[in-house]
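The structure appears below as structure tokens.
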Amino acid sequence: MNFDRIYLTGFMGSGKSSVAPRLARGLGYTSLDLDEAVVQATGLSIPALFDLYGEERFRQEEREALLATGGQTGLVVSLGGGVIAREDNLDWLLGHGTLVYLRGTPQFLASRLAQSRRNRPMLFDEHGEQLEDAALRTRVEQLLAQRAARYERAHFTVDIDGRDIRQVAAYIRRLLVQQGGPGRR
Ligand code: S3P
């Protein structure tokens, strides 16, 4: 198992971006948010990137940012929820670090996302409006169903329903210690 880099995957709203810095602190690692890296590299927000150049261009930028993380060690990376939708990204991740899946039920994720879907073009309708209520839940269910088999290929899975950020980070840290990985006791 390669503990140089810990990658957090999971659907939008699973808390990856909040768990990463907390986990990194506990491990003495640095945290990196892949969406942030794309924003910095392009000078555009994620919605602007989708709007101006389309999803495919975003996926290319995302892949470049992902491969760049391979040059660093002692890193906890929060991935965008769609990174693993590309088979080549998933294969790369499984070979370059420890991949941890933050697994939530569609109900739990949809209720979290109802509070924070502004920055997430995958949760917009065809007019660029944010999906609400039943339409949001349906989109979450559909996208999650498409991606679930990929997420499940992660090295480890953590169930997040009913757990807060602190509990999820602590759980992952214990898991890594058990596996002989990093983590101060
Ligand atoms: C996406 C998830 C987002 C972001 C982009 C696309 C997806 O990241 O990368 O909006 O396809 O699931 P978060 O999972 O951090 O919201």
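Show me the ranking of peptides 176-182, 134-140 by mean Cβ neighbours inside 10 Å, starting with the highest.
134-140, 176-182
Run the helix sum for the chain: -39,500 (n - 2.57) per DSSP H stretch of 4+ residues, divided by residue count, reported at 222 nm to the nearest 500 deg cm²/dmol.
-15500 deg cm²/dmol
Relative to the longest principal Cα axis of the chain, at what angle does helix 133-151 sit, 0 to 90 degrees, rounded to 10?
Around 40 degrees separate the two axes.
Counting heavy atoms of the protein chains only and a 1.4 Å probe, report the per residue accessible area for the chain as a whole number of Å².
49
Given Cα pairs under 8 Å that are at least 6 residues apart, what percent is the relative contact order of the chain?
Relative contact order here is 34 percent.
Applying 1/(1 + (r/R0)^6) with R0 = 30 Å to the Cβ-Cβ distance of Thr138 and Ser45, what FRET efficiency is obtained, to the nearest 0.05?
Computed FRET efficiency for Thr138 and Ser45 comes out at 0.70.
May I ask for the angle, rounded to the nearest 10°, between helix 55-68 and the longest principal axis of the chain, with both axes built from Cα atoms and the value confined to 0 to 90°?
10
Above 23 angstrom, tally the Cα pairs of the chain and express them as a % of all pairs, no decimals.
39
Compute the acute angle (0 to 90°) between the alpha-carbon long axis of helix 87-96 and the principal axis of greatest extent of the alpha-carbon atoms of the chain; round to the nearest 10°.
Compared with the principal axis, the helix lies near 20 degrees.
Leaving out ligands, DNA and RNA, what percent of the accessible area of the chain is carbon and sulfur, probe 1.4 Å?
After summing per-atom areas, the C and S share lands at 44 percent.
The values are calculated or read from the model by the stated rules, or taken from the named source; none is laboratory data. Model, not experiment: these values are computed from the prediction. Virtual Cβ from ideal backbone geometry, glycine too; neighbours counted across all protein chains shown. Just so you know, the surface numbers come from the protein's heavy atoms only, side chains and all, with ligands and any DNA or RNA stripped out. Shrake-Rupley method; radii C 1.70, N 1.55, O 1.52, S 1.80 Å.
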